[in-house]
1. Looking at the range 292-304, which of the residues that are touching a Gly at 6+ places or on another chain (Cβ under 9 Å) and of a type in the set (A, V, I, L, M, F, W, C) is surrounded by the fewest Cβ atoms within 10 Å (Cβ to Cβ)?
2. Does Asp349 qualify as being without any contact (Cβ under 8 Å) to a residue 40 or more places away in the chain and assigned to a loop (DSSP other than H, G, I, E, B)?
3. Since Glu416 meets every condition but one in (1) at pLDDT below 80; (2) open to solvent by 50 Å² or more (accessible area, probe 1.4 Å); (3) in contact with an Asp or Glu (Cβ under 7 Å, 6 or more places away or on another chain), which condition does it not meet?
4. Does the range 199-216 contain any residue that is in a helix (DSSP H, G or I), at pLDDT below 85 and either of a type in the set (Gly, Ala, Ser) or under 17 Å from Ala174 (Cα atoms) (or both)?
5. Quick one: which residue in Glu40, Glu57 is open to solvent by 50 Å² or more (accessible area, probe 1.4 Å), of a type outside the set (Lys, Arg), without any contact (Cβ under 8 Å) to a residue 24 or more places away in the chain and farther than 26 Å from Glu120 by Cα?
6. Output the residues belonging to the range 337-366 that are closer than 16 Å to Phe395 by Cα and open to solvent by less than 20 Å² (accessible area, probe 1.4 Å).
7. Quick test of your reading of the structure: Asp402 fulfils all but one of (1) at positive phi; (2) modelled with pLDDT under 90; (3) open to solvent by less than 50 Å² (accessible area, probe 1.4 Å). Name the failing condition by number.
8. Applying the selection to the range 25-37, what residues are without any contact (Cβ under 8 Å) to a residue 60 or more places away in the chain and buried (at least 19 other Cβ atoms within 10 Å of the Cβ)?
Amino acid sequence: MTDQRELLELEIEGIINESGENIIVTDSEGFILRAVKNSEEMYGISSEELVGTSVRELEQKKIFNPSVTLRVIQQKKPVTFMQKTGTGKIIMTRGVPIFNEENEIKRIISFSHDMTEIEELKGEYEKLQLKMMRYENEIEQLRGREIVPSDVVINSKAMQTVWGLVHKVAKSDATVVLQGESGVGKTVFAKALHNGSDRKDKPMIEVNCGAIPESLFESEMFGYEAGAFTGAASKGKMGLIELADHGTLFLDEVGELPLSIQVKLLKVLQEKKVTRMGSTKSRTVNFRLVAATNRDLQAMVKAGTFRDDLFYRLNVVPISIAPLRDRKEEIHQLTETFLDKFNEKYDTDKTMHPSALKAFWQYDWPGNVRELENLMERLVVTLENKTILPDHLPFTQKVEEDGVPEYDAQSSSLQEALEHVERNWLLRACRDCKSTYEMADYLGLSQPTVVRRLKKYNIDSKTNH
């Protein structure tokens, strides 16, 4: 006849095996006394093999790591954390101590739940979140493209900020001054401001303030009446300011304005009236002013070469445009955009070799986007080769290896050789790029993949520049 102790053993065994939980019971030293029957699926080892084994030994063998039982013994209280098993599963495990009347631990019971599928779902969810963020960014860019020309690239955060500001102020009549080096695209931004405004159906008059001789500036800007001076047209001439009536007046290189013209321009801006040379009659004009300069107007004000009152009249909404060397993540798409443009224009099918594109990344582009556009046109027009190579470029960039050790191809396996090449590319990308997003564009990978590869080779992107 089965005694009470045997019945209790059977009851406990039945509860453990039929509970649906992964349960392990150990003594106070961490030796396993009982284990659920399906433990092999969780740990890769049967319950029969587990019983009698020390959890210290199992932890060392990575059957499960870390051991919740050992933490309970050390801390003398319930412990819960995530654990990885030898079968690659990720489990949530909780260890609970059982005390006797003397407050001594006699047993530790651990309950484990397989979280592998949940973790995988979490990973998929995070990937989905990244996609959603990318789609949101693309939607924002598409919204902005109402005023952005199709050949303009706005991938960098700097450019997205600029285009956002352009889109915001375009509908207003606020005066905008565009600041940036020559070739960054100030004229493109000025056109975008005009095309995004209610004046888009009226003319945009562009004036290059540095290209008109001072002696002709007044007659060109304000116009003149018949006979106003020797050589004047018999019917007189309308000035550029009048031509911009109900439209936009774009003063490019406004820092080149002569002081004598600055005074007269300021009066026009204040009164919205213009008087032609040789006339006493003022004409009312209604225009929106956009100015651009590659000079430091504030420094010119301090030096006395630019009027402070005109500066403050112009500097209502200043927009600074970063040079291309500070937004290199746009070089790839700009290159492809200009390549497509000139292939179509000249009926060719030139392509860029990756090594030439890499040289583009390493070059500082002192002439900015204009230099890049002009170079692409020259290459498309003059090269007989279909593929653009580094040797075809007017600048050369030597790729330094940064002390990366060479490897012996004779003694390395194919896998080792591939890993060596991959690590070298990652190191170069760290050196040439400011962020993992730039690195992703540089390497032609996704940003999460770049992060994983850096972790694989133990490369710190912040200290390898």
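1. Initially, the range 292-304 is screened for residues touching a Gly at 6+ places or on another chain (Cβ under 9 Å), giving 292-297, 300.
From the residues that got through so far, the ones that are of a type in the set (A, V, I, L, M, F, W, C) too are 292, 297, 300.
Details: Ala292: 26, Leu297: 22, Met300: 16.
Selected residue: Met300.
2. Working: without any contact (Cβ under 8 Å) to a residue 40 or more places away in the chain: yes; assigned to a loop (DSSP other than H, G, I, E, B): yes.
Here the answer is yes, as Asp349 does meet what is asked.
3. Answer for Glu416: the failing condition is (3).
4. Taking every residue of the range 199-216 in turn, at least one turns out to be in a helix (DSSP H, G or I), at pLDDT below 85 and either of a type in the set (Gly, Ala, Ser) or under 17 Å from Ala174 (Cα atoms) (or both).
5. When all the criteria are applied, what remains is Glu57.
6. Selection gives Ala356, Ala359, Phe360, Trp361, Trp365.
7. Among (1) at positive phi; (2) modelled with pLDDT under 90; (3) open to solvent by less than 50 Å² (accessible area, probe 1.4 Å), Asp402 violates only (3).
8. Result: Ile32, Ala35, Val36.
The values are calculated or read from the model by the stated rules, or taken from the named source; none is laboratory data. What you see is a predicted model, and the numbers here were worked out from it, not measured in a lab. Glycine gets a Cβ as well: all are built from the backbone with ideal geometry, and neighbour counts include every protein chain shown. Just the protein is used for accessible areas: all its heavy atoms, side chains included, with ligands, DNA and RNA removed. Shrake-Rupley method; radii C 1.70, N 1.55, O 1.52, S 1.80 Å.
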